[in-house]
Amino acid sequence: MNILIKNANVLLADGKVKIADIAIKDSEILAIENIPEIFKAEKVIDGTDKLATAGFVNAHTHVSMTLLRSYADDMKLMDWLENKIWPIEAKMKKEDIYWGAMLGIAEMIKSGTTTFADMYGDMDQVAQACIDTDIRAVLSRGIIGVAPNGNQALEENKILFRDFNNANDGKITAMFGPHAPYTCPPDFLQKVVKASEEYNGEIHIHLAETKGEVENCLKEYGKTPIALMEEVGILDRGVLAAHCVHLTDEDIQIMKKYNVRVAHNPGSNMKLASGVAPVPQLLKAGVCVGLGTDGASSNNNLDMLEEINLATLLHKVNTLDPLAVPALEGVKMGTEYGAKAVGLNKVGLIKEGYKADIVLFDMSAPQCYPRHDLVSLLAYSMNGSMVDTVLVDGKVLLENRAFTTIDEEKIKYEANRCAMNLTLR
Ligand SMILES: CSC[C@H]1O[C@@H](n2cnc3c(O)ncnc32)[C@H](O)[C@@H]1O
Ligand SMILES: [Zn+2]
């Protein structure tokens with residue numbers, strides 16, 4: 001479909017904001033400003049006084065964990081996982097994964113996220129939710145190698161790849177998801193490397209999230225998690241590494257050498273008291289750093305504009321340098337860098353030839369005045385509730401804050417039903 005967004009304040013690829021029209025042809029951005037005479041719009045969207053940005057890329061989440069939002073708070077990671085999260089996840093059924101994913105996808109679209117990278121179980125249900133909502137997604141089967149069903153989970157990841165890589169007109173792609181070095185020993189990780197070579201897939205993994213993880217890794221293997229991943233061959237495969245909080249300078253050099261991409265999760269790292277990732281050093285070293293929310297049970301929402309805000313503020317105070325992560329860098333981490341981090345090309349910018357994943361923000365609220373600098377307003381004043389219109393792959397999914405295809409009330413009802421039943425099992 002030919003869509004014309006007229007007269008919007010467009011955040012362009014060069015970081016400048018300009019009032020312009022955006023012509024969309026099918027799934028791509030055809031032109032910005034200089035619209036060809038022959039372009040005939042079948043739908044016109046008035047962008048007057050709205051801010052148009054590339055859709056946010058949530059570079060790391062476990063979307064179905066929306067069912068566990070507010071279920072277990074104020075705990076450190078391993079206590080939280082071992083004593084609350086893993087026991088109740090063991091009771092989850094396929095419909096829980098589906099409705100939890102639908103709830104999370106609805107929340108993400110409504111707050112401006114157009115792509116997410118996921119790692120969980122029963123990923124056929126997450127994939128189906130992506131098909132039912134038309135969001136863009138990079139899906140991996142989270143694999144706990146030490147679990148009795150580690151090999152089964154690896155087989156499920158191969159099936160995910162076979163059945164859903166490039167599915168839904170290419171909006172779904174797949175990766176392999178070994179959970180973490182502390183749940184996937186080296187010999188199992190080598191099986192994952194082999195499978196990823198067989199399927200030409202990349203790898204999504206939690207790395208160096210806590211001080212305890214690093215200390216235990218050094219004790220058991222005499223190496224940091226990053227160095228161990230280099231040894232077992234994981235880094236050769238193309239890696240999206242979530243967290244990367246506790247790193248040495250040598251780790252950062254290894255990450256640069258292997259072009260490791262990072263999903264920085266400031267909200268989750270703060271909520272689980274995991275630490276502050278050395279994002280300014282990673283960016284300075286030329287490592288690609290995107291942003292993720294992690295799951296809604298350790299954040300506790302999936303609002304990427306909030307994550308951008310957290311990233312811009314956290315690193316200022318942690319380094320006592322107001323330029324540690326400036327506004328535009330934070331926005332780029334949540335869009336352009338995030339797209340690269342999850343392995344997508346032509347996504348993450350409003351640029352000719354890129355995918356038409358576009359968000360229009362309503363700027364009528366008082367906190368959007370005065371208009372000295374719209375990128376500053378986006379990073380430091382606005383919030384996800386100001387999202388008005390969302391397009392993914394050139395399809396309008398949200399318009400005037402209302403979903404065009406999905407039933408929000410049904411999703412909230414079914415997800416809540418599943419969450420309550422889950423706690424009764
Ligand atoms: C095996 S599927 C993915 C697995 O990861 C768990 N998880 C959620 N958040 C985190 C985190 O911050 N670090 C490590 N693991 C996490 C999730 O509950 C699933 O069990
Ligand atoms: Zn995670």
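None of the figures in this text is laboratory data; all of them are computed from the coordinates on show. On a predicted model such as this, the values are computed, not experimentally measured, just so you know. Please note: Cβ atoms are built from the backbone with ideal geometry, for glycine as well, and neighbour counts cover all protein chains shown.
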**OP:** Filter the cross-link list K84/K223; K25/K171; K40/K410; K18/K271; K50/K355 down to pairs whose alpha-carbon distance in this structure exceeds 26 Å.
**Re:** K84/K223; K40/K410; K18/K271
Original post:
For labels at I19 and D73 in the simple 7 Å Cα→Cβ model, what's the distance in nm?
Top reply: 4.3 nm
**OP:** Determine the percent antiparallel among the DSSP beta bridges restricted to the chain, to the nearest 5.
**Re:** 45 percent
Original post:
Which value in nm describes the separation of the simple spin-label points at N318 and N383, placed 7 Å from the Cα toward the beta carbon?
Top reply: 2.4 nm
Original post:
Helix by helix, which DSSP H runs in the chain go 20 Å or more along their axis at the Cα atoms and have an average Kyte-Doolittle hydropathy of -0.5 or more?
Top reply: 94-110, 304-319
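Would you mind calculating the gained length between Y413 and K351 on full extension (0.36 nm times residue separation, minus the Cα-Cα distance), in nm to one decimal?
Gain in length upon complete extension: 18.5 nm.
Quick check: residue separation of T48 and M420 times 0.36 nm, minus the Cα distance between them. What number comes out in nm?
Difference between extended and current length: 129.6 nm.
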Subject >> Share, in percent, of DSSP beta bridges within the range 1-106 that are antiparallel, nearest 5 >> reply: 65 percent
Original post:
Within a Cβ distance under 11 Å of K94, other residues only, what is the Lys/Arg minus Asp/Glu net charge?
Top reply: -3
Original post:
For the range 244-365, what is the largest minus smallest coordinate of the Cα atoms on each principal axis, given in angstrom and ordered from greatest to least?
Top reply: 41, 33, 29
Original post:
By DSSP, what percent of the beta bridges with both residues in the range 104-227 are antiparallel, rounded to the nearest 5?
Top reply: 5 percent
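Which net charge results for the neighbourhood of G47, defined as the other residues with beta-carbon distances under 14 angstrom from its beta-carbon, given Lys and Arg at +1 and Asp and Glu at -1?
Computed value for this residue: -3.
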Original post:
How big is the range 64-126 by the Kirkwood estimate over distinct Cα pairs, in Å?
Top reply: 12.6 Å
Subject >> Whole-angstrom Cα spans of the chain along principal axes, big to small >> reply: 64, 46, 41
Subject >> Relative contact order of the chain, defined on C-alpha pairs under 8 angstrom at six or more residues apart (%) >> reply: 21 percent
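Local charge sum around Y258 (other residues, Cβ-Cβ under 14 Å, Lys/Arg +1, Asp/Glu -1)?
Result for the local shell: -2.
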**OP:** Set the Förster distance to 22 Å, then compute FRET efficiency between N200 and K256 from the Cβ-Cβ distance, nearest 0.05.
**Re:** 0.40
Original post:
Check V262: other-chain or 5+ apart residues with amide H under 5 Å from its amide H, H built from backbone geometry?
Top reply: A241, C288, V289, G290
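Using only helices, what value at 222 nm comes out for the chain when you add -39,500 (n - 2.57) per DSSP H run of length 4 or more and divide by the total residues, to the nearest 500 deg cm²/dmol? Numbers along the way, then the final one.
On the way: 17 runs with 162 residues, N = 425.
Roughly -11000 deg cm²/dmol at 222 nm, from the helical runs in the chain.
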**OP:** Calculate the translational D of the range 1-79 in whole µm² s⁻¹ from Stokes-Einstein, where the hydrodynamic radius comes from the Kirkwood formula applied to all Cα pairs, the temperature is 4 °C and the viscosity 1.567 mPa s.
**Re:** 83 µm²/s
**OP:** Would you mind getting me the FRET efficiency between D373 and E220? Use the beta-carbon distance for r and R0 = 51 Å, nearest 0.05.
**Re:** 0.55
Original post:
How far apart, in nm, are two points set 7 Å out from the Cα along the Cα-to-Cβ line at S364 and at D163?
Top reply: 4.4 nm
Original post:
Per the Debye formula with a single identical scatterer at each Cα and no solvent contribution, what log10 I(q)/I(0) holds for the range 307-357 at q = 0.13, 0.28 Å⁻¹?
Top reply: -0.36, -0.95
